[in-house]
1. Once you order the gyration tensor axes a ≥ b ≥ c over the Cα atoms, which shape class does the stretch A:402-539 get: rounded for a/c under 1.5, otherwise prolate or oblate by comparing a/b with b/c?
2. Quick check on chain A: what are the equivalent-ellipsoid semi-axes from the Cα gyration tensor, as sqrt(5λ), descending, whole Å?
3. Can you put B:PHE86, A:PHE427 in order, fewest other beta carbons within 10 Å first?
4. May I ask you to work out the translational diffusion coefficient for the stretch B:195-263 at 4 °C, viscosity 1.567 mPa s, via Stokes-Einstein with Rh from the Kirkwood sum over Cα pairs, reported in whole µm²/s?
5. Any idea what the relative contact order of the stretch B:96-180 is, in percent, if you count C-alpha pairs under 8 Å spaced at least 6 apart?
6. Return B:VAL151, B:VAL122, B:VAL192 ranked ascending by Cβ neighbour count within 10 Å, so the fewest neighbours appear first.
7. Run lengths n ≥ 4 of DSSP H only: what is the helix-derived mean residue ellipticity at 222 nm for chain B, with -39500 (n - 2.57) per run over all residues, to the nearest 500?
8. For q = 0.10, 0.26 Å⁻¹, what log10 I(q)/I(0) does the stretch B:117-194 give under the Debye formula with an equal point scatterer on each alpha carbon and no solvent?
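None of the figures in this text is laboratory data; all of them are computed from the coordinates on show. None of the values given here were measured: they were computed from a predicted structure. All Cβ positions, even for glycine, are placed from backbone atoms using ideal geometry, and neighbour counts span all protein chains on display.
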Amino acid sequence: MNLRSSFFRLLLWWPFILVLSSPFSGAFALPLSPRIANYTIDVRLNTDTKRLDGRQTLTWRNTSPDVVTELHFHLYLNAFRDKKSTFMRESGGQLRGDELDDSKPENFGWTRLTALSNRQTGENLLAGVQFIRPDDANATDYTVLRVPLKQGLKPGETVVLDMAFQAKLPRIFARTGFSRDFFLVGQWFPKIGVYEPAGMRGRATGGWNCHQFHAHSEFYADYGTYAVSLTVPQKMVVGATGQRTAETPNRDGTKTLRYRADDVIDFAWTAAPQTQVVNDVWQGKTGNRVQIQLLMQPEHANQATRHANALKAALTYFDKQVGTYPYPIITVVDPPVHASGAAGMEYPMFITAGTSWGLPNGARFPELVTVHEFGHQYFMQLLASNEFEEAWLDEGFNQYYEGRIMDEAGPPLGYSARNSQIDLWGFRMGDLETSRSGYAHLDNPGIGPSYGNVWQLPNGYYGELTYSKTATWLRTLEGLVGRRVMDEIMQTYFLRWRFRHPNAQSFINVVNEVVPQRLGQTWPGAAYGPNLNWFFDQVLFGDRVCDYKLARIWNYADGTAAVRVDRLGDMQLPIELLVRTSTGREQTFYWDGKAKTHMFSIPGKSRIVWAHADPKQKLYMDIDLNNNSRAVSPSSAPAGKYAGKFLFWLQNTMQWLAWLV
Amino acid sequence: MLLLLYGITLLLSLPVTLSLFGAINTETERSLAPLNLLNGFDYTVFSDFMNRHDGAIWPLLRAGWYSVLVYLITAIWTTGGVLNSFATGYRAVSFWQAGTYYFGRNARLFGVTLLFAIPLLVVAILIGSLLVIAVEDTLTERGIALIGFAVLAIFGLLLTLLLCVANYARVMLFRTDDAVAFRAFGIAGRFVLTNLRATFGPYLLIIAVGSALFGLYFLLEALLPTRNWFLILLLTLVQQAFIFGQIILKVWALRVAFEQVKR
């Protein structure tokens, strides 16, 4: 074969190669995921009644070795049907500060299955369905539906179900619904649960994992393909998970938009007439290209660049530090302030941010929310952990990366770890330090572990334990093993578990594999054992508190010196001590951190000027970093600065009030 | 006299300030961490400190408020002395005597001022809230914010006018040796409204100068990083000069009113 004929052959094959190599090329796409639950949905939105009328075909494959005799479905919108659902009982009708006005019946929502049949057998399955409550005994919760199959589904077999449903959207206070003419439609279609065979995520026997909708829980679903047709009034600007493949105007004043999304775990969409669309593109260094679509409120349009820059910073950071974003598009919805309950939420290829008119650049909330919600593309979508049972695997990991990106992403954000969240009138707050503060400054930081079903975590501590504590202990792990090893852990975890359902043990196994390989027995943590189970027992499964204190410095008359470090908390972690002497020499010492107190005898004959336990703040979980250091002759200048400020503002207050007299 | 007024401010502020200085020094327990607060602000240091030592700090902040209340009473007393100094020139004894003599009526006038100022505040909040509720479904965020700003501006202007009237009422009480604060407030109100340009104009100008001084202060503060004791003391001097400037403005406003009434 000569070169010339090879070249022409390549030209002939080129379109086919392109089709096969692109992960989003419709039916020809090579699956990235197992594609267990595949949906074709046709839905019409009635903007007057706030109702959805839909038909869907679900193709579900039994990938387990079990014969599956029943299917379980989430009917999430039934959480809003009255005040008696588990969601409403747990939340009290409010979420993240937004409250449901329960005085108006039109503010509630529901979903109803009107037809259900097995396409292969023609059987009507609707008569046999029943609502079940796998998590509590709340007989008035209708968020999980059990569908018995007349014939069991053998391993490897596929069932095709034709379904029709109606739904009434609630007024937005908890992610989904309507607010005036703005619609954010999430958790809206009957969605099959996850069938977990024995051994998966530590299960002893196979069974459905399909929890009721809880106040703080988010979701858990299998990967699949979505072909969705949305019929909405023509004036509506629409955004959705995936890529738009067609748009057809209808004679009745509506239009039908078709979307396609492959290898995702959910599908959400928005429709609103007052929306300004801003398009941009992110181009990765490895050639990856992602289309950015911003659906901005017109009066927030001048903040579109802020959102786009944040998104590009996050894409660049994740691409380099964790792994490639495999989808061709990411859509960011900027909800209006009156629909703030829909802000800050994540769906595959589709996130909601949140800002307000006139927000100064120093208040970096749009950037922060955009970075955070984009991060969920990795820790919710690509690593589809169970957010009912292990929310920390998504929210906590994402919070940790939000901190890293905001604090150190560089251009186009360029903030520092001291001002990445707020930099206004001299007040500065970094992102990761805010997470730490959320955990370390709890009344009782030992209130509970990060691990556990979210509805069973200590009441009122979901955010602190799931987001803040996890981000803080991940930063502590990074401090102990080093950034390079930490990045390798995260990359290995990502590559190994993407498009699957990892659990705690999945991550721990990766840590226990990478750390001994890279650090061997030479790092301080090796004194605790051959793996890092001791670490996870304390920070993830346990409720121990870390607090080391540099208690005292002795400079003896004979020229020798000593330092005492106390362990005030019950958490035990290896710790470094840095000592500076009057000659300017600095020495580092190590302690396994196990005993209640430890005396360091400083060799040589020189006076200690100061000593600092954990000087690099590796033990970021330490609830008081101020008591980690001690100087023999401390400067009183900081006290002078704040006393001066206090004096000034006190006198100012006096003078302002003096205008009254 | 200006130095006396400044001295009173400083004297009432210093004890609690020095206590705070001592408390911060003690509570930081010789830590190196507060050094991070010198050049800028460090949220971790600040929040860790407040989390563990707020019990030592909040009582002092409360004591600061009590000092402000004491100053308010002292300011009622010094007003009589200041007005007397305009008429007869400053003498310590007459300042003291006039302050004591006019204290009761100035205190009542303060009450009358509050009697108007508090309802004005309540009405402003009420009108602002009702307006926002009425238009929130139709107006944009910017529109709602503008309504808020407009209500705030109108409230600010009316409050300034109220304070201007109270300023003239103080002079009326002094010049007519009247003891009825309400009557003096009424007379002053009519006087200010009939001579709006000559009375409210200068008053607004003084307020504007005060606001400009504030802007200047923030600029200077940004230019002066408090890295060490020398720079801290330098900033403290700037701060005290600014406070002294505010006292001058307050006395100036009273002097303008005094001269206007005299004319």
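1. Working: a/c = 1.71, a/b = 1.27, b/c = 1.35.
Oblate, since a/c reaches 1.5 and b/c is not below a/b.
2. Details: eigenvalues 460, 181, 141 Å².
With the √(5λ) rule applied to chain A, the semi-axes are 48, 30, 27 Å.
3. Values: B:PHE86 19, A:PHE427 12.
So the residues, fewest neighbours to most, are A:PHE427, B:PHE86.
4. Numbers: Rh = 13.7 Å.
My calculation gives 95 µm²/s for D.
5. On the way: 33 pairs, mean separation 36.1, N = 85.
About 42 percent, as a whole number.
6. Numbers: B:VAL151 19, B:VAL122 10, B:VAL192 23.
Fewest-to-most Cβ neighbours within 10 Å comes out as B:VAL122, B:VAL151, B:VAL192.
7. Numbers: 7 runs with 227 residues, N = 263.
The per-residue figure over chain B is -31500 deg cm²/dmol.
8. -0.36, -1.09
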